[in-house]
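Working notes for the structure below.
Derivation of every value follows stated rules applied to the coordinates shown; laboratory data play no part. None of the values given here were measured: they were computed from a predicted structure. As a convention, Cβ positions derive from the backbone with ideal geometry for all residues, glycine included, and neighbour counts pool all protein chains shown.
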Amino acid sequence: MLYRVRMHRWTQSFAVLITCVVAFVAMPLQQDAFMNPSSPTYAMAQMTTTSLDQLIPMPVSIKATGENFTLTADTKIVVDPDSAALTTLGQQLAAMLQPATGYEVPVTDAAPHEGNIRLSMMDTDTTLGDEGYTLTIRTDGVAISAAQPAGIFYGLQTLRQLLPAAIEAKTLQQGVAWDVPTATIRDYPRFAWRGTMLDVARHFFGVEDVKRYIDYLALYKINRLHLHLSDDQGWRIEIKSWPKLTEIGGSKEVGGGEGGYYTQADYAEIVDYAAQHFITIVPEIDMPGHTNAALASYAELNCDGKARELYTGTNVGFSTLCADKEVTYQFMEDVIRELAAMTPGAYIHIGGDESSATKHEDYLKMVERAQAMVAAQGKQAVGWEEIARVKLLPTTLVQNWNNNNLTQEAVKQGAKIIMSPAKKTYIDMKYDPSTKLGLNWAAYIEVLDAYQWDPAEMLPGVNDEDIAGVEAPLWSETTQTLDDIEFLAFPRLAGHAEIGWSPADGRSWDEYKVRLGAQAARFAALGIDFYRAPSVPWQ
Ligand code: IFG
């Protein structure tokens, strides 16, 4: 039995003192909880002693045994016989290991456990759920066991973080001991929805940038990538029945640049790459507001029948679809149908935010019909909190961002909430006034601020059981390159990933910042252009 106590910073040292005294006295009784200093009672550390003290997200349970497994040129990856999923995961692991070690690690179903890495979906612990896993590291071999492939994938991300950071290098690393500390780890996520949103409408980001970003997200067990595909400044997804949406609507971006868009083949490539990393793509077509790109592409979509000019500024709240015209609903129907056909994930995001130019009854009419169209395609609708004004379907998810009353209204209707409070999770906010990139309308969000919150403690009446999970939106009014994304997203996104995955009890900035500081070498090896926040003891 592992005890977790909620500690406030100022009681931390006193509690640690008491814990040590109790530990000494209680030793014979509670061997597990106290004998293993890296058990995840978020034990305080000043420096990380092994990579077991560097893991983000923090696993549910770690029992360290103080020795090492060493990966060598003789190591094999052993999978259950006749398992295509495990063979694929084994090949992914081999591909991840090869560049830095130079080892061509074979994947086989016929080799002993000794000296090897075993991936198995048998005799599992059903309390682990669909994404949980056990990772057992002994001097003579490593074993990952799970009920589902996703659990094996997340066990592999933990194993990856236990290897020296040099494993992330794309070139041969000489003289590195590929040691992994021995331990038994049992782990599973707190929330099912652990996401981030990338706004590809204000500034467009191509397929290769999105795939690279997905590589980073997977390392921290993020499993949802919400793509904001349309807005006033750009329409970014090819809709074959409405070709001018991309021909015209996709031709510009904030600042007047040439914009761009995903063909349906591009989108399929992103969806497939995300699926290989156990990430579900959540496409958003924002409506009825934030629609100037569509209104500039098709005159008939405007109530006055006049096409709007393309817009390359950063104002919001000035555009709306026309509730009184049947063509509006044909447009919505065609877009949602084509989007659902190319989206294997269960969710279609219909936006609904900042519709200041839409009359209230028109908003209700258009959003209710959009929600029904999504359901007709067999998908779950997602919307920003403003959609709580309409009668929600029981399957609809509501995304909290800036209005707590609407979020509480959504919970009263029985909706599950994706928590994205702007003051905590908007990673397009500046770190502090000196940050060149980003905005500051919600807050300046230092790394410490982005970590010190809990989704179940933000709003009265919005508790653990009402929450689908967390998501950190990155709006791209001020970001133009992947480097810009990396600088705003890291290190804050690693903290949001932990808040979505790890146990709440005992979580504290003072403990987390040491683990985060140890990630610097990994960020660097991955080529992530992260912000070296002064509040973090970077190692
Ligand atoms: N709010 C707008 C976004 C974006 C954002 C920038 C939402 C739901 C401010 N809507 O956040 O379009 O402009 O921080």
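Each of ALA341 and THR50 was given a label point 7 Å from its Cα along the Cα-to-Cβ line. The distance between the two points is 5.4 nm. The lysines within cross-link reach of LYS416, meaning a Cα-to-Cα straight distance under 17 Å and a gap of 8 or more places when in the same chain, are LYS379, LYS391. According to the square roots a ≥ b ≥ c of the eigenvalues of the Cα gyration tensor, what is the shape class of the chain, taking rounded for a/c under 1.5, prolate for a/b larger than b/c otherwise, and oblate for the remainder? Verdict is prolate for the chain.
By the helix-only formula, in which each DSSP H run with n ≥ 4 contributes -39500 (n - 2.57) and the sum is divided by residues, the chain has a 222 nm mean residue ellipticity of -9500 deg cm²/dmol.
Pull out a ≥ b ≥ c, the square roots of the eigenvalues of the alpha-carbon gyration tensor of segment 58-203, then state rounded if a/c is under 1.5, prolate if not and a/b is larger than b/c, and oblate in the remaining case. Verdict is rounded for segment 58-203.
A Förster distance of 60 Å, applied to the separation of the beta-carbon atoms of TYR103 and CYS303, puts the FRET efficiency at 0.40. Normalised radius of gyration (Cα atoms, divided by 2.2 N^0.38 Å) for segment 346-421: 0.98. Here r is the Cβ-Cβ distance between LEU448 and ASN405 and R0 is 22 Å; the resulting FRET efficiency, rounded to 0.05, is 0.20. Charge dipole (Cα centre; +1 on Lys/Arg Cβ, -1 on Asp/Glu Cβ; no other charges) of the chain amounts to roughly 860 debye.
Along segment 170-176 the Karplus relation, 6.51 cos²θ - 1.76 cosθ + 1.60 evaluated at θ = phi - 60°, assigns HN-Hα couplings of 9, 10, 4, 9, 7, x, 9 Hz to successive residues, with x for each Gly and Pro. Please give, to one decimal in nm, the separation of the simple spin-label points placed at VAL327 and GLU457, each 7 Å out from Cα toward the Cβ. With each label placed 7 Å out from Cα toward Cβ, I get 5.4 nm.
Once the Cα atoms of helix 84-101 and of the chain are each reduced to a long axis, what angle between those two axes, in degrees from 0 to 90 to the nearest 10, is obtained? Value to nearest ten degrees: 70. Reducing segment 203-268 and segment 44-113 to their Cα centroids gives an inter-centroid distance of 34 Å.
If you average the alpha carbon positions of segment 132-147 and of segment 282-311, how far apart do those two centres end up, in angstrom? Spelled out, the Cα-based centre of one part sits 52 Å from the other. Each residue of segment 235-240 was assigned a 3J(HN,Hα) from its phi angle through the Karplus expression (A = 6.51, B = -1.76, C = 1.60, θ = phi - 60°), giving 10, 10, 10, 4, 10, 4 Hz with x at Gly and Pro.
A dipole drawn for the chain from +1 and -1 charges on Cβ atoms has a positive end, and of LEU364, ILE152, VAL327 the residue lying farthest that way is ILE152. Antiparallel beta bridges, as assigned by DSSP with both residues in the chain, represent about 30 percent of the total such bridges.
Converting phi to 3J(HN,Hα) with the Karplus coefficients 6.51, -1.76 and 1.60 and the offset θ = phi - 60°, segment 500-507 yields x, 9, 8, x, 6, 4, x, 4 Hz in sequence order, with x at every glycine or proline. Helix 360-376 and the longest principal axis of the C-alpha atoms of the chain enclose an angle of approximately 60°.
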